[in-house]
1. Can you say whether L149 is part of a helix (DSSP H, G or I) and in contact with a Lys or Arg (Cβ under 7 Å, 6 or more places away or on another chain), as far as the supplied structure shows?
2. Report the residue count in the range 1-34 for those that are in contact with a Gly (Cβ under 9 Å, 6 or more places away or on another chain) and β-branched (V, I, T).
3. Any residue in the range 51-80 that's farther than 21 Å from Y2 by Cβ and crowded, with 18+ Cβ neighbours inside 10 Å: show its pairings with residues that are modelled with pLDDT of 95 or more and among the hydroxyl-bearing types (S, T, Y) at Cβ separation under 8 Å, as long as the two are six or more apart or on different chains.
4. Tally time: how many residues in the range 1-57 are in contact with an Asp or Glu (Cβ under 9 Å, 6 or more places away or on another chain) and within 16 Å of G70 (Cβ to Cβ)?
5. In the range 17-35, what residues are of a type outside the set (D, E, K, R), exposed (fewer than 15 other Cβ atoms within 10 Å of the Cβ) and at negative phi?
6. Restrict the check to the range 153-164 and report whether at least one residue is surrounded by 14 or more Cβ atoms within 10 Å (Cβ to Cβ), modelled with pLDDT of 95 or more and closer than 26 Å to A41 by Cβ.
7. Restricting the search to the range 52-79, which residues are within 16 Å of the ligand (Cβ to nearest atom) and more than 30 Å from G90 (Cα to Cα)?
8. Looking for whichever is more than 13 Å from the chain's Cα centre (by Cα) and within 26 Å of I51 (Cα to Cα) here; the options are D125, D174. Which one fits?
Amino acid sequence: MYGLIHCALRDHVAFQYGEDLIAEVLDTAGVTEEHFVVMQAYDDEITLGLIGAACEVLKVDPDELLVAFGKFWVLDTAVKYYGPVMSFAGRTLEKFLGNLDLMHEQVAATFTNLRQPSFEILPSDGPNIELIYKSERDGLTEFVRGLLLGLGEHFQQEVAVSISGLKSEGEPHDIFLIELKDDQSRSGS
Ligand code: HEM
């Protein structure tokens, strides 16, 4: 994945666990400063190796790290460096989720080797949102859970996120159920 993701993960580790552990994480993953060029695309193995090394050094369960990193990505990285892109994608959680593909397409204008995920909202009459997450990658389900929780906070919308289908259990894609704790967000533009 792009170095942008590596940089964000490094920032997350520094912010959450302290700057002094970064060197050990990099060492364990066998990566150097060369693997932190924002606009460069790296093999997914390097990205996954970095995540694995962070879990090992910090003694954190991978799912826990991925959820926390997903939240950090939205609430820190995306807001700090891609504020305008985030704003244009929608003013409510539901509108934003519906525009995620467009948003990544916009991002792909600069990240030209982007292998972007795709999201689809399933039709529903009720207040909850069912979201299909399509990706050529595996193992990022909990990262997406964290992203969705982060988006809830970003839009000041209380949400509960559960999983109603898993690719790892034979479904064609992961499916998330996002429960909106109050229904106000649906009335915005
Ligand atoms: C404006 C902010 C954002 C930017 C600049 C951005 C950019 C990127 C980049 C560069 C990648 C790496 C893909 C690759 O290297 O091939 C990526 C992956 C990903 N992004 Fe975004 N993204 C943004 C916001 C979001 C948000 C809000 C979500 C929420 C669902 C999201 C979901 C994902 C997922 C799940 C992946 C992992 C790739 C996969 O599943 O195959 N992104 N994004």
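The values are calculated or read from the model by the stated rules, or taken from the named source; none is laboratory data. This one's a predicted model, so the numbers in the text were calculated from it and none came from an experiment. Because the Cβ atoms are built from the backbone with ideal geometry, glycine has one as well, and the counts that use them run over all protein chains shown.
1. Details: part of a helix (DSSP H, G or I): yes; in contact with a Lys or Arg (Cβ under 7 Å, 6 or more places away or on another chain): yes.
Considered against the rule, which asks whether it is part of a helix (DSSP H, G or I) and in contact with a Lys or Arg (Cβ under 7 Å, 6 or more places away or on another chain), L149 comes out as yes.
2. Count: 2.
3. V57/T28
4. So the answer is 7.
5. Quick first cut of the range 17-35, residues of a type outside the set (D, E, K, R) only: 17-18, 21-23, 25-26, 28-32, 35.
Checking which are exposed (fewer than 15 other Cβ atoms within 10 Å of the Cβ) leaves us with 18, 23, 30, 32.
Scanning the range 17-35 gives A23, T32.
6. No, every residue in the range 153-164 fails to be surrounded by 14 or more Cβ atoms within 10 Å (Cβ to Cβ), modelled with pLDDT of 95 or more and closer than 26 Å to A41 by Cβ.
7. Taking the range 52-79 as the starting set, the residues that turn out to be within 16 Å of the ligand (Cβ to nearest atom) are 62-63, 65-79.
Within the range 52-79, just P62 meets the criteria.
8. Numbers: D125 fails: within 26 Å of I51 (Cα to Cα).
It is D174.
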